[in-house]
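Contents: one structure, followed by commentary.
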Amino acid sequence: MIVSTIRSQTFPGYRTGNYTGVNGVVFNPANIADNRYMWDVNVIAINGFAGTNQSGLRFKDITRSFNADSLKSRLLSGNDHINSLAYADVLGPSVMFSLSPKTSLAFTTRSRVFANGSDINGNLANAIINGGTATAGVPFTFSNNNMLVHTTGWTEIGGSVGQVLTNKGNRNFFKAGITIKYLAGTADSYLSANDLSGNVDGVGNNYLTATTGSLSLNTTDANFSDYKFKDFFKFNGHGVSGDVGFVYEWRPATDYSMYETDRFDNKYKLKVAASLLDVGRINFNRNSNEAASYAVNIPHGEAFELNKFADKSVKDYKTILDQSPYFKGTAVDNSYKTTLPTTIHAEVDYMIGKGFALNAAGQFTTNKKSTLALYYYNVYSFTPRWENSLFSIELPMSYNELTQFNAGVAFRAGPFFIGSGSVLSALVHDSRQADLHVGFHFGMKYKKRFKPDFDKDGVYDDVDKCPGIAGLVRYNGCPVPDTDGDGINDENDSCVTVPGVARYNGCPVPDTDGDSVNDEEDSCKDVAGLKKFNGCPDTDGDNIMDKDDKCPTVAGVEKYAGCPVPDTDKDGVPDDEDLCPNDPGPASSKGCPVEKVVVQITADFKNILFDYGKATIRHESDSILSKAARTMIEQIGNSNFYIDGYTDNKGSVAFNKKLSKARAQAVANALIANGIDKSRIIVRGFGKDNPICDNNTERGRQCNRRVEVVIRNINQKQEQRSIKVKSYGVVNKTPND
C-alpha cells in the first residue's frame, strides 16, 4: 500500500481523478499541465462540509445555513470544549485550455464561506442559542473560557499557468503550476471570549451572574443567518493569495508514435504530487456600529438576562451590550486581517492497470488556532478508484483530526459528478462529519486518434518527408534515395554520386585504362586508346591503331601497315613520290638523279624536226615537245631552264647566231604552250660556238646543229648537266659550259 497526502478536503474522491479538467487547478495548479482536456469549462461545482468533534450530525446538516451570527448552528451544541468546522465552496464559471503541448492556462472564479468554532462551552452556547430558555443543566458554572466562533466569506478571481518541465518521452516527468488570485472579502463575523468565567442560573429564564472576562465581536454588512447568493458580490474586504504545486510522474516506456497525441492517456504508473494552497490574507474594515470589545463584569447577586439575545443576530449584539452597564467598551482598530486556511497537500497515486488506481494522501494545516486565522484540520486519506474518460467511481476513506474516521463514495458520468466523503459512515451511525459535492463541467478531451499515413508506409504524415510516396523509416518516410538518378537506389549503389548500371552495382561501366572508352566497348581495356579505335591506342597518331601498325611509334600510312612510306634510296623522297626509288636524287627532280631526268628528256626530245634553214618546228615533233614539257613539269617542277641553240660552221657568223637563237626560241615557245611557266625559261643562241662534233664531215655538222636544255635547280647555284636537242633529232649529253 502506498501512503501519501491529499490535495484538499474539498471534493473528496473526485479530486483524485485525472478527468477533473479546470477544477483540478483548485487542488494543485500543476494539474492543468499535460491535461486530458484540450479545453474545459466549469459551469458550477459546489462542495458543502460540516464537522465537529462531537457526534450527532446528519447528512442533512450540510444543507443548513451558516448561522454564525446568531450561534444557531448545531455545530455549537454539545458539551464543553466543542471544536467545529463548516464551509461551502462554490466553483463558478471557469475555463482551462492548452496553450501548447507543454503549457496550459486557466481562469477561475470561486466563492467560499468558511467557519471555525474553537473551545466552545456547549452549555453556555445552548443558553444563548435558545434565548435564555434552557433548562437542562441549569444552573452551571464556567471558568477561564476562551472560545471563538469565526465565519468568513470571500470570492476569488484567479489566473493559473501549468508548465511541463521535461521533454516529451522522458520517463521521469515533471510539471509545475502556480495560481494568483484576487480576493474580495464579502463577509466576516466573529465572536470571541477570553478568560470568561461565571455562572448561568435561572431555569427557563437564564441569566449571567458573577461573570468576568472580555468579549469581542464583529460583523460586516452580510448576515450569515440569511446569506444569499448576491452576498458573494458584496465586497467588504480585499486581498491577494496564491497556490503553487508540483507533480512528478514515473512513466513506463510506451510507444505513442502512432497517435496524433499522447494526451488522451494517463501515462504514468506512479505519481507523486505536492501543493501549497491558500497562501494569503483579506483586509477587512471594521464597521464602527458592528464591532466592539468589552470588559465584562457582572457582580455576584446581579443578573444579565440572556433572553435579550432571543431571535437576534450578531449585528444586534453590539446595541444590546452597549446598553448594559456590565459591558464596558474598549477601543478597536479600524481594520484587521483574516488569514486564509493555508494547507500543505501531498499525494501518491498508483495506477494498477485497466483503470484501477490507489490514491493515498494527506493534508496538513499551517495555521494555528489564533483569533482571526481560518484553518483546516489535518487529514489522511486512502482512495481506491476506477476511471476512464467517461466514468469513474471513487471510495474515499479518511481520518480527520476533527471528525476522525469517515468513508464515502463519489461518481462521475460524463460532465456530471457527485459525491461525499462521509455518506457511507453516516448511513451506519451518527457522524461527526457531513459533506456533499456536486458539479457540472464540459470540455473537449484529447482523443485516441491514429496519425494519418497517406502512403501507408508506416511513417506518419506529420514526420513523413515524402507523404505521397511510400518510403522507409530510416529515410523519414521517403524511398531509398537515388542520388545519381541512375535508377539504382543508394543502398544497392556502389557509386552513389555517379550514374551507373545495375550489372556493375550502380557504378558506370568500368574504364580500366582511363581512356573514356568503357571496358564493354574497349577492345584494348588495359591500354589507354581512342574512341574511334574502340579504345585501342594509336601511339604515332597516324590513324592506324597500334595492334595493326607495324611501326607503332612512327607515323606511317595504311598502305605500308602503319609504317612511313619507304625511302629505299635514302634520298629524303619517299618511294611513293620518288620516280627513282632505287637511285638517290633531289626532291626537285622527285627523287631521281638529274642525269636520269636528262636521259628521259633526251629520249623525249629525240627527232625534233625543223624546216631546212628555218626556225619552224615541224608538226610531227609536237608530241615529243608535249611529253618533254610534261616531264619537265612533273619531275623537275622547281627547276629553271636555259634553251640554247647551236649551228654548224656553214654560213656567216651573224646568220648562224640568229638562226640558233630563233630555233631555241621555237622550242621554248612550244614548251610554254605545253604548260611550262614562261618565267622558268631563258632562251640563248650560240651559233657555231661550242661544237660537239667534227664540222668537217656531214655527220659531224649534223651533230652540231642542235638545241640544248640546261637544267638549273633553283636550290643550286651551279648548273648541272645539260640536255642537247639536235634539230634533226639527235640529243647528246655534254658537260656544262
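Just so you know, all these numbers are worked out from the coordinates, no wet-lab data involved. All figures in this text were calculated on a predicted structure; none of them were measured in a lab. As a convention, Cβ positions derive from the backbone with ideal geometry for all residues, glycine included, and neighbour counts pool all protein chains shown.
The simple spin-label model puts a point 7 Å past each Cα toward its Cβ; for Thr483 and Trp250 those points are separated by 4.7 nm. Candidate values [x] 28.8; [y] 28.0; [z] 37.6 were compared with Kirkwood radius over Cα pairs in Å computed on the shown model; the agreeing label is [z].
Per-residue Cβ neighbour counts within 10 Å put Thr553, Thr20 in the sequence Thr553, Thr20, beginning with the fewest. Considering Cα pairs under 8 angstrom that are at least six residues apart, work out the relative contact order of region 365-516 and quote it in whole percent. Relative contact order for region 365-516 comes out at 9 percent. Each helix, a run of at least 4 DSSP H residues, gives -39500 (n - 2.57); summed and divided by the residues of the chain, these come to -3000 deg cm²/dmol at 222 nm. Extension gain, Asn534 to Phe356: 0.36 nm times the residue separation minus the Cα-Cα distance gives 55.9 nm. Relative contact order of region 14-445: 18 percent, from C-alpha pairs under 8 Å at least 6 residues apart in sequence. Rounded if a/c is under 1.5, else prolate if a/b beats b/c, else oblate: with a ≥ b ≥ c from the C-alpha gyration tensor eigenvalues square-rooted, which is region 329-441? Because a/c hits 1.5 or more and a/b exceeds b/c, region 329-441 counts as prolate. Restricting attention to region 490-587, which GluC sites (Glu not before Pro) occupy a DSSP loop and are surrounded by at most 14 other Cβ atoms within 10 Å? Passing both the DSSP loop test and the Cβ count: Glu491, Glu520, Glu521, Glu577. The calculated FRET efficiency for the pair Ser679 and Lys559, based on their C-beta separation and a Förster distance of 45 Å, comes to about 0.80. Note on Asn307 and Asn146: with the Förster distance fixed at 22 Å, the Cβ-Cβ geometry gives a FRET efficiency of about 0.30. Just to confirm my numbers, what's the Cα centroid distance between region 344-415 and region 649-684 in Å? Each part's Cα centre sits 149 Å from the other's.
Couplings 3J(HN,Hα) of region 139-154, computed from phi: x, 8, 10, 10, 8, 6, 7, 10, 10, 8, 10, 9, 10, 10, x, 7 Hz, in residue order, whole Hz [Karplus 6.51 cos²θ - 1.76 cosθ + 1.60, θ = phi - 60°; x for Gly and Pro]. Taking trypsin sites (Lys or Arg not before Pro) across region 139-208, the ones in a DSSP loop with at most 12 further Cβ atoms lying within 10 angstrom of their Cβ are Lys168.
In this structure the amide hydrogen of Val240, modeled in the peptide plane, comes within under 5 Å of the amide hydrogens of Leu183, Arg281, none closer than 5 places in sequence on its chain.
Per-residue packing, averaged as other Cβ atoms within 10 Å, sorts the ranges 395-402, 275-282, 614-621 into the order 275-282, 395-402, 614-621, beginning with the highest.
Could you line up Ser422, Ser626, Ser652 from fewest to most neighbouring Cβ atoms inside 10 Å?
Fewest-to-most ranking of Ser422, Ser626, Ser652: Ser652, Ser626, Ser422.
Each Cα pair under 8 Å and six or more residues apart adds its sequence gap; the mean of these over the residue count of the chain is a relative contact order of 10 percent.
When the C-alpha to C-alpha distance is required to be over 29 Å, the pairs from Lys102/Lys181; Lys590/Lys688; Lys627/Lys658 that qualify are Lys590/Lys688.
Sort Thr155, Thr697, Thr109 so that the residue with the fewest other Cβ atoms within 10 Å of its own Cβ comes first and the one with the most comes last.
Ranking Thr155, Thr697, Thr109 by Cβ neighbours within 10 Å, fewest first, gives Thr697, Thr109, Thr155.
The distance between label points at Asn649 and Lys570 comes to 4.9 nm (points 7 Å beyond Cα on the Cα→Cβ vector).
Ranked by the mean number of other Cβ atoms within 10 Å per residue, highest first, peptides 653-663, 686-696 order as 653-663, 686-696.
Based on the Cβ-Cβ distance of Asp322 and Leu472, what FRET efficiency does E = 1/(1 + (r/R0)^6) give at R0 = 56 Å, to the nearest 0.05? Efficiency, from the Cβ-Cβ distance: 0.05. Of the trypsin sites (Lys or Arg not before Pro) found in region 358-452, those that fall in a DSSP loop while having at most 11 other beta-carbon atoms within 10 Å are Lys368, Arg449.
Amide H to amide H, with H built 1.01 Å from N, Asp567 comes under 5 Å of Asp575, counting only residues 5 or more places away or on other chains. In terms of packing, defined here as the mean over residues of other Cβ atoms within 10 angstrom, the peptides 321-331, 26-36 line up highest first as 26-36, 321-331.
With a simple spin-label model that places each label point 7 Å from the Cα along the Cα-to-Cβ direction, the separation between Trp386 and Val501 comes to 7.2 nm.
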